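For reference, the structure discussed in these notes is given below.
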Amino acid sequence: MNFFGTDGIRGPYGGPVINECFARSLGSGLGSHLIASGQSAQSVLLGRDTRPSGESLQNAFGQGLQDRGFIPLDAGIIPTPALSSAVMNGKLCMGAMITASHNPSQDNGFKLFSGAGEKLSAKEEELIESQIDLSKNIAARPVDLPKHDALKEYVERLVGFFPDGFLKGYKVVADLANGATIATTAKVLAHFGAEVLSMHEGEGIINEDSGSEHPKLMQEKVRQTGSHFGLAHDGDGDRVVFADEKGLLIHGDRVLGLLALDAGNSSRLKGNGLVATEHSNSGLGESLRRHGFDFFRSPVGDRNVSALMKEKGCNLGGESSGHVVSSDYLPTGDGLYTALLVAHAMARSTKTLQELARAIILWPSKVGAIVVKEKIPLSSQPALAKSLEEANLKLGQDGRILLRYSGTEPKIRLLVEGKQEELVTDIFCQLSKIIEKTL
């Protein structure tokens, strides 16, 4: 068994994994793991995004927990960071979010959080998988889970991190992806004085032509309305992407960099550095070092970012995809908190988002994802290995290549970056053709 990817379990709803029978088995397996760890008869908080399959999967998962004597609580539709915050600050032994994040609406999945509000380690996921028993194939039945209001406490805690009225005079476009943030983001931005122009507030299908994966409509609305900036969430609200006042997307590495510089210049950057992943652009590290700050890389995945942050004593890290972890607030990403951090940096500096982002100079880079039939070990492909070796020699020390399989989709991700744009493009095209032919 290998159900967990880099960020929980995901797949098409109704498929061999994401279905009610599996959800009940997973809930039961989690309960068995907790009992083996010395915990029993405690509450586990369950939340979901707006996918049609969410409620039945949540109920089945809850039934599995009940089978092992645990008390599942229904938080309803809630952003993932709100669930993490509620678990961290409440008397709850764990949390589970029913979501497939930015994936299409026909997918769903499970994200699990420890009693500290953190993503589980790979070892913990292995132990839970060892407790999953699919041989019985016990069907789930309707259950009535006790309700738990986590949104109020989440919002109250979140707004306490920023000064009242700091967004007065700002006009902001907020694309809510028809997802889990429809009851939080616009409300919080307006609380701080912003004029909020919301879109995709639940009238459509989650992530469909909206949100962080499809921000073009948000960008256009920024341009049309003369807004100061725009933001777009993913389906469960732990990520966010930004457009500047001209409707141009701001690269996620530039967002990480401007937040690090803002924190560093106000003596709030612990560990004197930023943690990013191996996917982040090398120009980010070069820019931060030029300002006197350190730059550390972790493997892909926000839980790996969090682990390295602890090791290095840092309080800021993230991924270029829009996950930002600020451990003074939460041990996992929160797209709304990130949006407030960015807006606060703008307000305190009186600079536009574009001006703040310019401080981070990125190297030319090409990134792509190629669909594969199966995830064949790359070490078994000598022709591909030879091409990679030759390409790395051409780039030298002023560039790098990263090739890895996606942990959540049947794809392989290719990144090529360097200081010479033409060379980067040529190498990317050559390697893409070989990968398509080989895999």
- Label-point separation in nm, residue 422 to residue 374, each point 7 Å along Cα→Cβ: 4.3 nm
- Express in whole angstrom the spacing between the alpha-carbon centres of region 131-175 and region 54-127. 11 Å
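Could you please report the charge total around residue 39, scoring K, R as +1 and D, E as -1 over all other residues with beta-carbon less than 15 angstrom from its beta-carbon? The partial results should precede the final answer.
Values: positive: 68, 91; negative: 124.
Residues close to residue 39 contribute a combined charge of +1.
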- Task: Tell me the chymotrypsin sites (Phe, Trp or Tyr not before Pro) within region 152-191 that lie in a loop according to DSSP and have at most 14 other beta-carbon atoms within 10 Å.
- Result: 161
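Can you tell me the length gained on complete extension of the stretch residue 297 to residue 430, counting 0.36 nm per residue apart and subtracting the Cα distance? Spell out each step's value before the answer.
Working: separation 133, 0.36 × 133 = 47.88 nm, distance 2.68 nm.
45.2 nm is the gain from fully extending residue 297 to residue 430.
Restricting to bridges with both residues inside the chain, how much of the DSSP beta-bridge set is antiparallel, in percent to the nearest 5?
Details: 33 of 59 bridges.
Around 55 percent of the beta bridges assigned by DSSP in the chain are antiparallel ones.
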- Item | Theoretical ellipticity at 222 nm over the chain - DSSP helices of four or more residues, -39500 (n - 2.57) apiece, nearest 500 | -11000 deg cm²/dmol
- Message: At 1.306 mPa s and 10 °C, plugging the Kirkwood radius over alpha-carbon pairs of the chain into Stokes-Einstein gives what diffusion coefficient in µm²/s?
- Response: 71 µm²/s
- Among 181, 80, which comes first, then next, by fewest other beta-carbon atoms within 10 Å? 80, 181
- Neighbour cut-off at most 11 other Cβ (10 Å), DSSP loop, trypsin sites (Lys or Arg not before Pro), region 98-138: 136
- Straight-line reach from residue 433: which lysines have a Cα under 25 Å away, not including same-chain ones fewer than 8 places off? 366, 373, 375, 386, 394, 411, 419
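Please compare each pair in 246/351; 152/246; 111/147; 246/270 to a cut-off of 23 Å on the Cα-Cα distance and tell me which ones are over it.
Values: 246/351 14 Å; 152/246 34 Å; 111/147 19 Å; 246/270 33 Å.
Distance filter (> 23 Å) returns 152/246; 246/270.
What number comes out for the charge environment of residue 357, summing +1 per Lys or Arg and -1 per Asp or Glu over other residues with Cβ under 14 Å away?
On the way: positive: 246, 254, 351, 358; negative: 244, 245, 253, 262, 355.
Taking every other residue near residue 357 into account, the sum is -1.
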- Anyone know which of 269, 34, 378 comes out most mobile in the 10 Å Cα GNM of the chain? 378
- Note on the structure: Other residues with Cβ under 12 Å from the Cβ of residue 432 give, with Lys and Arg +1 and Asp and Glu -1, a net charge of +2
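Any read-out appearing in this document is the output of simple, stated calculations on the displayed coordinates, not a laboratory observation. Owing to the predicted nature of the structure, the values given are computational and were not obtained by experimental measurement. Glycine also receives a Cβ, built like all others from the backbone with ideal geometry; neighbour counts cover every protein chain displayed.
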